[in-house]
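A quick write-up on the structure given underneath.
Where a number appears in this text, it was derived from the coordinates with a stated rule and is not lab data. Everything numeric here is computed off the predicted structure, so don't read it as measured data. For neighbour counting, all protein chains shown are included, and Cβ atoms are generated from backbone atoms with ideal geometry for every residue, glycine included.
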Amino acid sequence: MVKEIVCDTSTILTLFSACHLSENKNKYLEKLKEYKLIAPDSVHSELEDFVRRDNDLGLFARESLSYKITFQSVELEDIERYKKILGVVGRRGITDCDIACLSLAIERDIPLFIDDFKAQFHFSSFFDDHDIFFGILLVCSILAEFMSVSEIFSFVFDKLVPNRWENISLRNLLTIKHAVSEYLAQE
Amino acid sequence: MVIKMGEIISVDGDVISELAPYLEGKKVSQSLLVNTILKDILFAEKYAKANQTYAIVEQFLADLYRIGILEYKDLLPVLGFERALEVTNTIRTAKRFKTWLKR
């Protein structure tokens, strides 16, 4: 069964960075087909902005736009409503686009994947009953189809993180480490 | 710090005899604990050159929380309120994601 999920811009960039860097693109994309990727129109606009950049993120954004992602409009009044609930207008670097993703996920009652770590933390504090995950965890679960635990760990920290997050802060690096370690831990 | 492949790691017997019942109570194997510590040091050495000491401390605390030895309140004095919340939220998110995947 195909699972519907909402992805923010950062998650889409992570998903397609990993796809590009993985040495088994076909298997990666085959597993990705198990998910229907949904995003607000504002994510499409952000990806187009990335495409104009002459760097790796531009390349990953271009690859994502050639993939089937369902873009949907989100009403301005919905964004305003969630802004009021969250009380984050212009604060903590949380954008209208992030809030549009949250609105879409909650209204459709499907999980949100977001790789903006501060936004994920803030959103999940307010909507603890809703599934709000990190995109990098979805990447790990896709890689698990054709990589061992140690290969996934090396791939994430030797290839994916340096390419996807140039000059990553120690705080965000450790956040990724904690999440990936827990995901890869044996039950 | 270099650990040679195949080298026998000798651990003080008194330490083990005191630690073993505690770890058993927490259902954590000695191997898991030693592996976790070594992995955290290696990670800091490879990827967190800017502040290896902090990286080791935060990873160690987060891992002890993950495996059930520490609780949220134990992280507060070192990580502070905000970071302790972020770390525990991150681990809870990953656990919840694993549950969601199985549905």
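Before moving on, here are some points about what is shown:
- The calculated 222 nm mean residue ellipticity attributable to helices in chain A amounts to -17500 deg cm²/dmol, summing -39500 (n - 2.57) over DSSP H runs of n ≥ 4 and dividing by all residues.
- Helical content of chain B, expressed as a calculated mean residue ellipticity at 222 nm, amounts to -25500 deg cm²/dmol (DSSP H runs of 4 or more residues, -39,500 (n - 2.57) each, divided by residue number, nearest 500).
- Classification of the range A:106-181 by its C-alpha gyration tensor yields an oblate form. The axis ratio a/c (a ≥ b ≥ c) is 1.5 or more, and b/c is at least a/b.
- Shape call, the range B:1-67: gyration tensor on alpha carbons, a/c limit 1.5: oblate
- Nearest 10 degrees, 0 to 90: helix B:72-102 Cα axis against chain B principal axis: 80 degrees
- Each of A:F113, B:V78, B:I8 was scored by the projection of its Cα onto the charge dipole of the protein assembly as shown, and the greatest displacement toward the positive side belongs to B:I8; charges sit on the C-beta of Lys, Arg, Asp and Glu.
- Listed cross-link partners A:K31/B:K98; B:K26/B:K73; A:K159/B:K102 are compared with a 24 Å cut-off, the Cα-Cα value being larger for A:K159/B:K102.
- Candidate lysines for bridging to A:K27, where Cα separation is under 17 Å - those fewer than 8 sequence places away on the same chain excluded: A:K36, A:K68
- Per-residue mean of C-beta atoms belonging to partner chains within 10 Å, peptide B:72-83: 0
- Shown here: the protein assembly as shown, whose C-alpha atoms stretch 65, 41, 39 Å along the first, second and third principal axes, sorted largest to smallest.
- Three-way shape call for the range A:3-136 based on the alpha-carbon gyration tensor, with the a/c threshold at 1.5: prolate
- For the range B:37-103 versus the range A:102-170, the spacing of their alpha-carbon centroids is 16 Å.
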